[in-house]
Amino acid sequence: MNFLIITHTNHYKAGNQYQAYAPYVREMNLWLNYCDKVNIVAPLSSDLDPHINLAYQHKDLKLHQVPHFSLIGFNDKMTTLLKLPKILKSIYREMKKADHIHLRCPGNMGLLGCIVQIFFPKIPKTAKYAGNWDPHAQQPWSYKLQKWILSNRFLTKNMQVLVYGNWPQQTKNVKAFFTATYRNKEAVSLLKRDYTGQLRFCFVGSLSEGKQPQLAFQFLLSLKSKLSQEIQFDVYGDGKLKDQMSALIDKHKANNWVKLHGNQPKSEIKKVLKESHFLLLPSKSEGWPKVVAEAMFWGCLPIVTPVSCVPWMLDEGQRGLLLKGNNIKKTVSELESLLNSPSKLDVMANNASEWSRTYTLDKFENEIMKLLEQDA
């Protein structure tokens, strides 16, 4: 099978291998186990961060580089118009040779892939929509256009669209899906947590406006003012808000209990999730927040905003806390009450782990195999 991937994800060449964002590559390597030949149409970058990237594992893989482009701002749009012919030509050429087309959405390349795939109705296709599929979510026009094209069975044929969560009134080609990080064999016993001593909180994600790390810090400032217990806050990730976070920490003289760790490898993140009591992730938007499922796998309770399928993941607050409307005070009070009943937190942690451990890489790989077997 000649498997084609259309993605906006930045790629990097390291020796004879191509690398990209580790969670994405880790997933794609499972797809590639069932492919004879792999072609990727994607942008290439030189800014490689070894902590958050991973190499593809396939003996016959070729990257077809396209230029970066943006649809934000007038100048960017004008520049993009000049780049589009080359990009569309590359996508069309590779789709014409493919036995299976796989689109990674939402994204700029995903949008172009959605448009070009219309001209190949007979080729089997999958689209992994890794963003928020909620029909009522406020999103950029390009995201809404991708969702409309993918759901339109007149324009999009022979396509299975994999989305996070079950949503009402969807077309038959839209399939509720999931993602995973751990294997069945990793489901060892949970670490018994003591909720009466020092409480460990962590944030894992980009330091960006979308992830709102500053709101996580403000949440803990509010909680700290109400508790006699010590708090430790470990922040993992990097981004544009790094300097702002450092300034906030200095302003509140919090260097003794807050630490910015930057990007760290998977093994370090796994360790902190196994040992922390709570994960704070007040994102503005998510698809299936993988780190939330990872935290739940280890009994680390998430405190997250109710975006996309997150309320379903947390069973409306039975497997973690929902930060509704960024209402810090309300959620702080809820957590304060739970800390006075540690047994309730134990039950929530066990429920969270039990749910997350039904979505393993073993199950994920089996579902991928089923999808590709339909092409045979």
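K270 is checked against (1) among the charged types (D, E, K, R); (2) in contact (Cβ under 8 Å) with a residue 40 or more places away in the chain; (3) surrounded by 14 or more Cβ atoms within 10 Å (Cβ to Cβ) and fails just one. What number does that condition carry?
K270 satisfies every listed condition except (2).
Does K172 satisfy being in contact (Cβ under 8 Å) with a residue 12 or more places away in the chain and not hydrophobic (A, V, I, L, M, F, W, C)?
When the stated conditions are applied, K172 passes them.
So, restricting to helices (runs of 4 or more DSSP H) that lie completely within region 291-376, which ones have at least 2 residues that are within 30 Å of L4 (Cβ to Cβ)?
Helices (runs of 4 or more DSSP H) meeting the threshold: 361-373.
Hey, does region 52-60 have a residue that's among the charged types (D, E, K, R) and either under 21 Å from the mean Cα position of the chain (by Cα) or assigned to a strand (DSSP E or B) (or both)?
Checking region 52-60: not a single residue is among the charged types (D, E, K, R) and either under 21 Å from the mean Cα position of the chain (by Cα) or assigned to a strand (DSSP E or B) (or both).
Here's the yes/no breakdown for (1) among the small types (G, A, S); (2) buried (at least 18 other Cβ atoms within 10 Å of the Cβ):
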{"position": "I123", "(1), (2)": "no, yes"}
{"position": "A127", "(1), (2)": "yes, yes"}
{"position": "W141", "(1), (2)": "no, no"}
{"position": "K144", "(1), (2)": "no, no"}
{"position": "K147", "(1), (2)": "no, yes"}
{"position": "K157", "(1), (2)": "no, no"}
{"position": "N166", "(1), (2)": "no, no"}
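Which residues, taken from region 66-82, are exposed (fewer than 14 other Cβ atoms within 10 Å of the Cβ) and either outside any loop (DSSP other than H, G, I, E, B) or at pLDDT 95 or above (or both)?
F74, N75, D76, K77, M78, L81, L82, listed by residue number.
Please count how many residues of region 13-53 are hydroxyl-bearing (S, T, Y), buried (at least 16 other Cβ atoms within 10 Å of the Cβ) and farther than 20 Å from I269 by Cβ.
Final tally of qualifying residues: 2.
Look at S276 and say whether it is buried (at least 21 other Cβ atoms within 10 Å of the Cβ) and among the polar types (S, T, N, Q).
Yes.
What are the residues in region 173-202 that are under 14 Å from the mean Cα position of the chain (by Cα), aromatic (F, W, Y) and within 23 Å of Y236 (Cα to Cα), if any?
none
Give me a count of the residues in region 223-255 that are at pLDDT below 95 and in contact with a His (Cβ under 6 Å, 6 or more places away or on another chain).
The total comes to 0.
Determine which member of the set K253, K259 is in a loop (DSSP other than H, G, I, E, B) and more than 20 Å from L314 (Cα to Cα).
Every option except K253 fails the conditions.
Restricting attention to region 42-51, which residues are assigned to a loop (DSSP other than H, G, I, E, B) and either among the small types (G, A, S) or not assigned by TED's automatic domain parsing to the domain that holds L32 (or both)?
Passing the criteria: S45, S46.
For the structure I just gave you, tell me whether L112 is in a helix (DSSP H, G or I) and exposed (fewer than 14 other Cβ atoms within 10 Å of the Cβ).
So L112 does not fit the description; no.
Among the residues that make up region 182-203, is at least one of them farther than 24 Å from K89 by Cα and of a type in the set (V, I, T)?
yes
Here are the criteria: (1) surrounded by 18 or more Cβ atoms within 10 Å (Cβ to Cβ); (2) on the phi < 0 side of the Ramachandran plot. Tell me which single one Q212 does not satisfy.
Every listed condition holds for Q212 apart from (2).
Is region 320-338 home to any residue that is at pLDDT 95 or above, out of contact with any Cys (no Cβ under 8 Å at 6 or more places or on another chain), surrounded by 22 or more Cβ atoms within 10 Å (Cβ to Cβ) and closer than 29 Å to M28 by Cα?
no
Could you look through region 288-304, keep only residues that are over 19 Å from L345 (Cα atoms) and either in contact with a Lys or Arg (Cβ under 7 Å, 6 or more places away or on another chain) or crowded, with 22+ Cβ neighbours inside 10 Å (or both), and pick out the one that is modelled with the highest pLDDT?
Ranking the candidates gives V291 first.
Out of all the residues in region 140-176, which are more than 23 Å from P121 (Cα to Cα), outside any loop (DSSP other than H, G, I, E, B) and hydrophobic (A, V, I, L, M, F, W, C)?
W141
Take the conditions within 20 Å of the chain's Cα centre (by Cα) and part of a strand (DSSP E or B) and apply them to V272. Does it pass?
no
Do we find a residue being in the same structural domain as I368 (by TED's automatic domain parsing), under 22 Å from I269 (Cα atoms), among the β-branched types (V, I, T) and not in a loop (DSSP other than H, G, I, E, B) anywhere in region 3-12?
No, region 3-12 has no match at all.
The values are calculated or read from the model by the stated rules, or taken from the named source; none is laboratory data. Because the structure is a prediction, the values reported are computed rather than measured. So basically every Cβ, Gly included, is an ideal-geometry build from the backbone, and we count neighbours across all protein chains shown.
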